[in-house]
Structure formats: C-alpha cells, structure tokens
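The values are calculated or read from the model by the stated rules, or taken from the named source; none is laboratory data. Note that the structure is a prediction, hence the values are computed from the model and not measured. The protein model used for the area step is the full one, side chains on, heavy atoms only, and it has no ligands, DNA or RNA in it. Shrake-Rupley method; radii C 1.70, N 1.55, O 1.52, S 1.80 Å.
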Amino acid sequence: MALTFYWYPKCGTCRKAKKWFEDHNIDVTPIHIVEETPSRDTIQSLYEKSGLELKKFFNTSGQKYRELGLKDKVKTASEEELLDILASDGMLLKRPIVTDGEKVTVGFKEEMFEEMWTTQS
C-alpha cells in the first residue's frame, strides 16, 4: 500500500523526503498540502496517530505562522482552536506529513524515515 505524502513541492525538505522515497523504491501518493489542505478531521486523526504534541504540526518557521502571530497563541489555545487554525491554511502545517494509515511522521529526518518507512517496501 502506498504511503500518503502531504507535501509542498517548493519546500526543500519535502523534495529531500520525496527523493528519499524514490531512492528506497517506496511508493507514495503525493498530496499538495496547500492545494488540498487536509481537513480538520484528517489533521486530528494524523495528530492522534502520531503520538506528537499538536504544536509539532505547526510550520513554525513559515511566513504565515509569523504573520498570524501564532507563537504565543499556540501556547494558550485549546486543542480545538489549534486544529481549526491548522485546517485553515496548508502553509501552517509542518511538512512533509507521511502516513500509512496507522503511523505518522511529521517533517523529514533520514533516521526517522529509515525506522518508520523502510519496512513498507
């Protein structure tokens, strides 16, 4: 089964992740994270399966994050508010997000991908 790969093609980290999958002959179904921003329910599901803190899903180095002044809001907002914010704009999501329907990774670290996704092929 192909992995779902939420990415932004202009993102260097996303391109590295895509190349990593190609180099390891792992099929992915790419989804443009801005053109097809995951729904609030999808984000919530990814978050719950990831075992990560919800704030790890924010693209904290992104321009949109800074424009909206989310640094302080993320600290005080409820989980519901944070999910709504994330679903409002794909540029707010840290990427790439990869899932097989059970496991989820956010961002790209080669060691993490080795551990999580090399058993997929």
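Only protein heavy atoms count here; on that basis, with a 1.4 Å probe, LYS55 has an accessible area of about 110 Å². Counting only lysines at least 8 places from LYS71 when in the same chain, those with an alpha carbon closer than 17 Å to its own are LYS55, LYS56, LYS94.
In the context of the full protein assembly, GLU79 retains an accessible surface of approximately 80 Å², using a probe radius of 1.4 Å and ignoring ligands and nucleic acids.
Here the alpha carbons of the stretch 14-66 define both size measures, Rg and Dmax, at 13.3, 37 Å. Length gained on full extension, THR13 to LYS73: 19.0 nm, using 0.36 nm per residue less the C-alpha separation.
The convex hull around the C-alpha trace of the stretch 44-115, projected and averaged over every direction, spans 4.9 square nanometres. Accessible surface comparison of VAL74, VAL34, probe 1.4 Å, protein chains only, largest first: the order is VAL34, VAL74.
Size descriptors for the stretch 37-77 (Cα atoms only): Rg and Dmax, in that order, 11.1, 29 Å. Ignoring everything but the protein chains, give the 1.4 Å probe accessible area of SER50 in square angstrom, nearest 10. Surface open to solvent at SER50 totals about 20 Å². Calculated [222 nm] ellipticity per residue, helices only, for the chain: -12500 deg cm²/dmol; basis is -39500 (n - 2.57) per DSSP H run with n ≥ 4, divided by all residues, nearest 500. For log10 I(q)/I(0) by the Debye sum over Cα atoms at q = 0.11, 0.19 Å⁻¹, the value calculated from this model appears in (i) -0.40, -1.05; (ii) -0.34, -1.00; (iii) -0.60, -0.97 under label (ii).
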